[in-house]
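Trainee: Dropping a structure here in structure tokens format, bear with me for questions.
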Amino acid sequence: MITTLEYDVVIVGSGAGGGTIAARLSPLCESGARIALLEAGPHYTREHFNTRERDMIGLFIDRGAMPSNNYEIAVSAASCVGGSTAVYTGVTFRAPDGLIDGWARDFGLDELSGADIEARFPRLEGEIDAHFPGDEYENANNRLFREGCESLGWPVKQFRVNVARCERCGFCNLGCPYGAKRGTLEVQVPRAVERGVELIPNCRVHTIDDDGVNAVLGDAPEGTMASRHPTGPLRIEAKRIVIAAGTLNSSAILMRSRSRLGDLSPALGRYLTLHPALTSFGRMPEPVRGFDGFPKLHYTDRFSESHHYYIETAFYFPFVTAKSLPGFGSDIRRFMGSYDHLTCALTLVHDEPEHHNRMTIAGPEGRPEIDYRLSQRSRDAIVHAQQSTGRIFFEAGAEEYVSPVSNRFSMTSPADLEPVITVGDLQSGRVVVSSAHPMGGCRMGSDPDTSVTNAWGELHGHPAVVVGDASVFPTSTKVNPYLTVMALAERCAERIAAGL
Amino acid sequence: MGEPYRFLDAGGAATFRALAACVVPPQGEAPGAAHDACVALADRSLSERPERDQRLLRIFLRALEWLPLLRYGRRFSRLDLARRTAFLTLLERNRSVGKLRAGVFGLKTYALLGYYGSDLSFAEIGYPGPRLDAPYYQLRRKGEA
């Protein structure tokens with residue numbers, strides 16, 4: 001039996017986009033508006049985050065990452081209330097200067113302006129406690145990265161991070177056990193619920209049409225909040241439907257809905273960008289204990305313009321560290337034996353939107369799949385970045401450097417970097433590049449043949465359907481995208497509120 | 001006797017255990033990734049992968065078991081550690097079949113999860129493990145008190 005519910009607005013997804021829209025619309029509940037916030041994953045709270053790597057990979061879609069069909073890249077995104085803001089490090093970037101105006105100019109988005117988006121950033125940052133942290137946040141891993149860059153004469157910049165009363169325990173990517181990370185799980189979703197938005201976790205949306213969504217409500221995992229509605233198929237009628245299920249799912253929901261929505265743009269799913277990323281490691285003579293303290297503080301944009309990448313500090317737990325190491329056996333065991341002496345950094349590549357890179361669906365249930373090929377520009381960037389990271393670590397005093405892109409396990413001098421790290425060693429399957437910033441698939445634009453949504457995220461030809469997440473980005477942001485997602489989502493909410 | 005495996009069948013378990021011993025071999029008294037607890041953890045995580053990935057990994061496990069017959073005249077799980085490692089390296093570095101490289105990467109990843117995701121490895125690598133003062137543990141201690 002199908003349970004039918006009615007709301008004024010239904011929002012699919014509770015991450016940076018959906019959570020922000022829910023919070024912005026929530027004052028309307030006082031005047032009687034009915035708003036539902038659906039989340040495919042469970043409602044885990046800080047009390048569920050046990051800081052144990054093997055358990056917390058369950059917070060992520062596919063219990064880890066979704067590989068592309070060619071196994072070149074694997075994308076991580078969370079499936080829980082808060083979406084990926086529950087598992088990110090809190091790194092908060094404004095969109096780079098000129099990016100939004102470039103989108104407006106290049107994609108005919110006359111109603112979008114950089115000035116409007118930029119004016120929103122300070123308030124949004126205040127709302128989520130984003131700030132430049134003090135010196136006490138710099139642990140040894142961050143310090144060594146900074147010293148290495150400074151010694152090379154490369155610029156070192158600091159991230160804003162959105163934390164409050166942070167214990168600096170370093171477990172950000174496994175869910176903050178202290179609630180210090182101010183993502184939508186801690187800020188916008190509770191605020192929306194308090195004002196009357198109904199949160200429905202464990203609710204997986206399969207298709208939509210102009211009048212509502214078709215979903216299945218599953219059981220809540222033990223100890224998590226269950227919905228008041230019976231489990232099973234749900235039909236949720238609504239005047240406005242917001243799709244903010246994340247780039248891995250928003251396009252897929254619309255593709256599964258083609259027969260209900262009629263012709264959708266041929267650009268649907270396309271122009272996917274991922275910020276391809278790869279970690280590498282230096283072994284230092286002294287203990288580093290990178291797992292202690294705040295993991296991400298500095299980055300260098302030394303090669304952003306010339307080679308299209310950033311290098312960021314990062315530190316990961318034992319399993320994720322080990323899986324980035326090449327080869328087998330005694331080399332891995334020996335190197336991991338020095339885990340508490342390791343430095344770690346992350347390469348983040350600015351990839352370009354390409355027509356053939358896309359989200360698609362497969363199988364009778366229409367599961368999302370990723371068709372993505374690294375461009376030659378991205379491959380060159382990864383190789384150059386892995387060599388540059390080695391230079392930073394050797395400059396900081398590393399005795400050994402390990403990159404997954406190499407023809408031997410490790411290097412012991414800067415002279416090794418160019419001969420050992422080559423484009424030929426970046427083979428799909430052997431080196432699986434990672435991504436945590438999927439964007440695109442429902443890109444904004446004025447032309448329905450080359451874009452999926454307009455400047456307000458409204459689906460071309462279906463103004464009742466709004467896409468409110470990073471899938472509307474026409475290009476990658478080059479930087480961690482969620483503050484830009486929040487700013488665009490806020491605009492969506494204002495438009496929806498005006499039309500209700 | 002532990003719980004029965006959820007993903008691995010008997011043949012697949014023998015192949016996986018033989019692979020895991022190459023990924024993290026035992027060292028002195030310290031166990032490696034072929035330890036029962038590590039294989040059990042890897043099996044549980046493999047069983048939670050999407051169906052498509054499970055199907056591909058099962059096919060790859062079978063291929064991995066039988067392909068060495070062509071080179072060494074013996075199945076993978078019956079080769080010595082050195083030959084198993086050499087064979088895995090060959091597959092991992094082959095330049096023509098990406099799916100073989102991906103299969104090695106996939107199973108290696110779960111062998112590493114079994115060992116480095118397990119408390120068994122923490123002392124050896126100098127990792128203190130989870131934060132036992134986190135609310136998750138405090139609440140459970142209260143519940144037990």
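Trainee: For helix A:247-256, report the angle its Cα long axis makes with the longest principal axis of the Cα atoms of chain A; keep it between 0 and 90° and round to the nearest 10°.
Mentor: On a 0 to 90 degree scale, this one is about 40.
Trainee: Taking all protein chains as present, what is the carbon and sulfur share of the accessible area of chain A, in % to the nearest whole number, probe 1.4 Å? Each step should come with its number before you reach the end.
Mentor: On the way: 7770 of 16420 Å².
Heavy-atom surface of chain A belonging to carbon and sulfur, 1.4 Å probe: 47 percent.
Trainee: Rolling a 1.4 angstrom probe over the protein heavy atoms, how many square angstrom per residue are accessible across the protein assembly as shown?
Mentor: That works out to 37 Å² per residue.
Trainee: If you count, for each residue, the other Cβ atoms within 10 Å and average over each peptide, how do B:70-82, A:464-476 line up from highest to lowest?
Mentor: Working: B:70-82: 13.9, A:464-476: 27.5.
Averaged packing, sorted descending, gives the order A:464-476, B:70-82.
Trainee: Related question: Are there GluC sites (Glu not before Pro) in the range A:331-434 that DSSP marks as loop and that have at most 12 other Cβ atoms within 10 Å, and which are they?
Mentor: Values: sites: A:GLU354, A:GLU365, A:GLU369, A:GLU395, A:GLU399, A:GLU400; in loops: A:GLU354, A:GLU365, A:GLU399.
Passing sites in the range A:331-434 are A:GLU365.
Trainee: Hey, got a sec? Which trypsin sites (Lys or Arg not before Pro) in the range A:303-395 land in a DSSP loop and have at most 16 other Cβ atoms within 10 Å? Show your work: numbers first, answer last.
Mentor: Working: sites: A:LYS323, A:ARG333, A:ARG334, A:ARG358, A:ARG373, A:ARG377, A:ARG379, A:ARG391; in loops: A:ARG373.
Answer by residue number: A:ARG373.
Trainee: Now, a different point. Could you tell me the center-to-center distance, by alpha carbons, between the range A:44-123 and the range A:377-449 in angstrom?
Mentor: 21
Trainee: Can you give the Kirkwood hydrodynamic radius for the range A:19-88, in Å, rounded to one decimal and based on Cα pairs? Write out the running numbers ahead of the final one.
Mentor: Values: mean 1/r = 0.0708 Å⁻¹.
About 14.1 Å for the range A:19-88.
Trainee: For the range B:1-55, divide the Cα radius of gyration by the Kirkwood radius and give the resulting Rg/Rh value with two decimals.
Mentor: 1.00
Trainee: May I pose another question? Each label point is 7 Å from the Cα along the Cα-to-Cβ direction; what then is the distance between the points at A:ARG258 and A:GLU418, in nm?
Mentor: Once both label points are built, they end up 4.9 nm from each other.
Trainee: With solvent modelled as a 1.4 Å probe, how much accessible area in total do chains A and B shield from it at their shared surface, in Å² to the nearest 100?
Mentor: Working: alone 18700 and 9460 Å², together 23700 Å².
Answer for the A-B pair: about 4500 Å² buried.
Trainee: Also: Any chance you could run the full-extension gain for A:ASP116 through A:ASP331? It's 0.36 nm times the residue separation minus the Cα-Cα distance, nm to one decimal. Provide the component values of the computation, followed by the final result.
Mentor: Numbers: separation 215, 0.36 × 215 = 77.40 nm, distance 5.29 nm.
Here the segment from A:ASP116 to A:ASP331 would lengthen by 72.1 nm.
Trainee: Using only Cα atoms, what Kirkwood radius does the range A:205-269 have, in angstroms?
Mentor: 13.2
Trainee: Could you give me the radius of gyration and the Dmax of the range A:291-334, taking only the C-alpha atoms into account and expressing both in angstrom?
Mentor: Considering the range A:291-334 through its Cα atoms, Rg and Dmax are 14.3, 40 Å.
Trainee: What is the sum of charges around A:LYS478, taking Lys and Arg as +1, Asp and Glu as -1, for the other residues whose C-beta is under 10 Å from the C-beta of A:LYS478?
Mentor: Values: positive: none; negative: A:ASP301, A:ASP351.
Once all neighbours under 10 Å are counted, the net charge is -2.
Trainee: I'd like the projected area of the range B:31-74, averaged over all directions, using the convex hull of its alpha carbons. Report it in nm² with one decimal. Please report the intermediate quantities before stating the final value.
Mentor: Working: hull surface 15.8 nm².
Projected area, direction-averaged: 3.9 nm².
Trainee: Only protein chains counted, 1.4 angstrom probe. Which residues of the range B:104-135 are at least 50 Å² less accessible in the assembly than when their chain is isolated?
Mentor: B:PHE105, B:LYS108, B:LEU112, B:LEU113, B:TYR116, B:ILE125, B:TYR127, B:ARG131, B:PRO135
Trainee: Could you please state how large a percent of the accessible area of chain B is carbon and sulfur, counting protein chains only and using a 1.4 Å probe? Could the numbers behind the result be given before it?
Mentor: Working: 4070 of 7280 Å².
Result for chain B: 56 percent of the exposed heavy-atom area is carbon or sulfur.
Trainee: If you don't mind, there's one more thing I want to ask. Considering all projection directions equally, how large on average is the shadow of the alpha-carbon convex hull of the range A:153-226, in square nanometres? Could the numbers behind the result be given before it?
Mentor: Numbers: hull surface 37.3 nm².
Answer in nm², one decimal: 9.3.
Trainee: Same structure again: For the range A:370-491, I need the span (max minus min coordinate) of the C-alpha atoms along each principal axis, in Å, sorted largest to smallest.
Mentor: In descending order, the Cα extents are 59, 27, 18 Å.
Trainee: A follow-up question, please. Across 10 Å bins from 0, what is the distribution of all Cα-Cα pair distances for the protein assembly as shown, in whole percents?
Mentor: Cα pair-distance distribution for the protein assembly as shown, in percent: 3, 16, 27, 27, 18, 7, 1, 0.
Trainee: Another question about this same structure. Where the centroid of each part is defined by its Cα atoms, how far is the range B:50-70 from the range B:21-36 in Å?
Mentor: 22
Trainee: Sticking with this one: Can you show me the helix-derived [θ] at 222 nm for the protein assembly as shown, built from DSSP H runs with n ≥ 4 at -39,500 (n - 2.57) apiece and divided by the number of residues, rounded to the nearest 500. Display every interim value, and only then the final one.
Mentor: On the way: 22 runs with 222 residues, N = 645.
After summing the helix terms and dividing by residue count, I get -10000 deg cm²/dmol.
Trainee: Hey, another quick one. Which whole number in µm²/s is D for the range A:98-160 by Stokes-Einstein, with the Kirkwood Rh taken over Cα pairs at 4 °C and 1.567 mPa s? Mind showing how you got there, number by number?
Mentor: On the way: Rh = 14.8 Å.
After rounding, the answer is 88 µm²/s.
Trainee: Can you compute the equivalent ellipsoid semi-axes for the range B:10-144, i.e. the square root of 5 times each eigenvalue of the Cα gyration tensor, sorted largest first and rounded to whole Å? Walk me through the intermediate numbers first.
Mentor: Values: eigenvalues 206, 60, 31 Å².
Taking √(5λ) for each Cα gyration eigenvalue gives 32, 17, 13 Å.
Trainee: For the pairs A:LYS181/A:LYS478; A:LYS296/B:LYS108; A:LYS157/A:LYS323; A:LYS181/A:LYS323; A:LYS157/B:LYS108, flag any whose C-alpha to C-alpha distance is greater than 32 Å. All intermediate terms of the calculation are to be shown ahead of the outcome.
Mentor: On the way: A:LYS181/A:LYS478 23 Å; A:LYS296/B:LYS108 28 Å; A:LYS157/A:LYS323 28 Å; A:LYS181/A:LYS323 26 Å; A:LYS157/B:LYS108 36 Å.
From the list (A:LYS181/A:LYS478; A:LYS296/B:LYS108; A:LYS157/A:LYS323; A:LYS181/A:LYS323; A:LYS157/B:LYS108), the Cα-Cα distance tops 32 Å for A:LYS157/B:LYS108.
Trainee: Calculate, in whole percent, how much of the Cα-Cα pair population of the range A:1-152 lies beyond 18 Å.
Mentor: Working: 8581 of 11476 pairs.
Tail of the P(r) past 18 Å holds 75 percent of the pairs.
Trainee: Can you tell me which of A:57-70, A:81-94 comes out highest on packing, and rank the rest after it, using the mean Cβ neighbours within 10 Å? Before the final figure, lay out each step's value.
Mentor: Working: A:57-70: 19.9, A:81-94: 26.1.
Top of the packing list down: A:81-94, A:57-70.
Trainee: Taking a point 7 angstrom from the Cα of A:ALA497 along the C-beta vector, which residues in the range A:95-126 have backbone N less than 14 Å away?
Mentor: The answer is A:124, whose backbone nitrogens lie closer than 14 Å to the label point.
Trainee: Related question: Pop the C-beta distance of B:ASP9 and B:PHE122 into the FRET formula with R0 = 41 Å and round what comes out to the nearest 0.05. Before the final figure, lay out the partial values.
Mentor: On the way: r = 31 Å, r/R0 = 0.74.
For R0 = 41 Å, the calculated efficiency reads 0.85.
Trainee: To continue, here is another question. Please identify the GluC sites (Glu not before Pro) of the range A:198-285 that satisfy two criteria: DSSP loop assignment and at most 16 other Cβ atoms within 10 Å. Which are they? Don't jump to the answer; show the numbers that get you there.
Mentor: Values: sites: A:GLU198, A:GLU222, A:GLU237; in loops: A:GLU222.
Counting only loop positions with at most 16 other Cβ atoms within 10 Å, the GluC sites (Glu not before Pro) in the range A:198-285 are A:GLU222.
Trainee: I've got another one for you. Find the eigenvalues of the gyration tensor of the Cα atoms of the range A:219-348, then list the square roots of 5 times those eigenvalues as equivalent ellipsoid semi-axes, largest first, in whole angstrom.
Mentor: Numbers: eigenvalues 352, 110, 44 Å².
They are 42, 23, 15 Å, listed largest first.
Trainee: May I pose another question? I'd like the orientation of helix A:482-499 relative to chain A: the angle between its Cα long axis and the longest Cα principal axis, in ° from 0 to 90, rounded to 10.
Mentor: So the inclination is approximately 10 degrees.
Trainee: Scale the Cα Rg of the range A:315-450 by the rule-of-thumb value 2.2 N^0.38 Å and send over the ratio, two decimals.
Mentor: Details: Rg = 18.0 Å, N = 136, 2.2 N^0.38 = 14.2 Å.
The reported ratio for this selection is 1.26.
Trainee: Here's another thing I want to ask about it. Using only Cα atoms and rounding to the nearest 10 degrees, what angle (0 to 90) does helix A:16-25 make with the longest principal axis of chain A?
Mentor: Taking the Cα atoms of chain A, the angle to A:16-25 is about 40 degrees.
The values are calculated or read from the model by the stated rules, or taken from the named source; none is laboratory data. It should be emphasised that the depicted structure is a prediction, and the values quoted were computed from it without experimental measurement. Cβ coordinates were reconstructed from backbone atoms using ideal geometry, including for glycine residues, and neighbour counts include every protein chain displayed. For accessibility, only protein heavy atoms count, side chains too; no ligands or nucleic acids. Shrake-Rupley method; radii C 1.70, N 1.55, O 1.52, S 1.80 Å.
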